Amino acid sequence: MSTRCHRTVVPVLDFAIGGDEFVTMAGPCSVESEHQLMATAHRVRRAGARVLRGGAFKPRSSPYAFQGLGLEGLKLLVAAREETGLAIVTEVMSESDVPLVAEFADILQIGSRSMENYSLLEAAARSGRPILLKRGMVATIADLLRSAQVILDHGNPNVILCERGIRTFETAMRNTFDAAGIALLKQISHLPVIADPSHACGHRDLVPALARIGVAAGSDGLIVEVHPNPDKAMSDGDQSLDFVEFDAMMAALEPWIALRAIAAREEPLNEHGLAEPCPMEAVG
Ligand code: PEP
Ligand code: MN
């Protein structure tokens, strides 16, 4: 292909993802209560986050685990946006929930377990909301790009890819963080890529290091789990940072983010665009 590809920049409220600004999304794994969400929203905003994350509909590995507050959780997220100005990202798990979740959220999250649910992807695409597409835990880079293509083909250009760790033979961590996958995606795709260090490792002590690696690999942002009292969290407490830990991580990332801006100027996009089958086949 000889035409020059341009990077996709996804507009969200008064900022953009995939442009010059490094965008941090942060918040609890699950929305649990008004107090939990509001306290977290204020603190992550103060530390520099632009987007509040929080699951209202939760895909859980166990059917007996907390499944989320549903509609009540969505309403709490909207109240937090009104109070803080943060944009909202939250997961939509089923095709039938898309209109409801799209009414409340600024960005629809497609979870790892749903990445290959094409009818969900199509419905989410048609909602017109930007979509945060998480890599399936056993999905290749080519699988991830094929799912992104389904969304683009259904008329929605605003896709943000997310590396959240994949299953490998390693069991010391919850997943294996594919930092090289981030670098590769930034080379072969025009879409923004963000890193999820929380689900990638599963241990809060490792989250700041993985966040740093995500920045160095060229990601456009982060999504990080933060909870006022991680030991009491109803989901993913082991990998959630408390407020002090999040503040420290954000402060420590500043020089790395400054370096990333210099590196990004020097790295042109590969001439192959996502719409071209060639790079996806090449990595599949
Ligand atoms: C989450 O973001 O809380 C989540 C369930 O993520 P994933 O789909 O990557 O497991
Ligand atoms: Mn989680």
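Within the bounds of the stretch 146-169, is there any residue that is among the charged types (D, E, K, R), buried (at least 16 other Cβ atoms within 10 Å of the Cβ) and closer than 21 Å to Ala211 by Cα?
yes
Considering only residues of the stretch 191-210 that are assigned to a loop (DSSP other than H, G, I, E, B) and away from ligand 1 (no atom under 14 Å from the Cβ), which is surrounded by the fewest Cβ atoms within 10 Å (Cβ to Cβ)?
By that ranking, first place goes to His203.
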Would the stretch 46-60 turn up any residue that is assigned to a helix (DSSP H, G or I), modelled with pLDDT of 95 or more and farther than 19 Å from Ile110 by Cβ? yes
Between Gly181, Gly218, which is surrounded by 18 or more Cβ atoms within 10 Å (Cβ to Cβ) and part of a loop (DSSP other than H, G, I, E, B)? Gly218
Looking only at residues that are touching a residue at least 24 places away in the same chain (Cβ under 8 Å) and among the polar types (S, T, N, Q) in the stretch 98-135, which one is farthest from Pro59 (Cα to Cα)? Ser127
Looking only at residues in the stretch 56-97 that are touching a residue at least 24 places away in the same chain (Cβ under 8 Å) and hydroxyl-bearing (Ser, Thr, Tyr), which one is surrounded by the fewest Cβ atoms within 10 Å (Cβ to Cβ)? Ser94
Subset of the stretch 61-104 (residues that are part of a loop (DSSP other than H, G, I, E, B) and within 16 Å of ligand 2 (Cβ to nearest atom)): Ser61, Ser62, Ala65, Phe66, Gln67, Gly68, Leu69, Val92, Met93
I need the full set of residues from the stretch 36-46 which are in contact (Cβ under 8 Å) with a residue 60 or more places away in the chain and over 19 Å from Leu13 (Cα atoms), in order please. Gln36, Ala39, Thr40, Arg43
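Listed here are the residues, each with its yes/no results for (1) surrounded by fewer than 14 Cβ atoms within 10 Å (Cβ to Cβ); (2) modelled with pLDDT under 95.
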| residue | (1), (2) |
| --- | --- |
| His227 | no, no |
| Met234 | no, no |
| Phe246 | no, no |
| Ala252 | yes, no |
| Pro268 | yes, yes |
| Gly273 | no, yes |
Of the residues in the stretch 116-139, how many are more than 19 Å from Leu222 (Cα to Cα) and either within 16 Å of ligand 2 (Cβ to nearest atom) or assigned to a helix (DSSP H, G or I) (or both)? 9
Per-region count, the stretch 167-213, residues closer than 19 Å to Arg7 by Cα and in contact with a strand residue (DSSP E or B) (Cβ under 6 Å, 6 or more places away or on another chain): 9
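The values are calculated or read from the model by the stated rules, or taken from the named source; none is laboratory data. Since the model is a prediction, treat every value here as computed from it, not as a measurement. Glycine also receives a Cβ, built like all others from the backbone with ideal geometry; neighbour counts cover every protein chain displayed.
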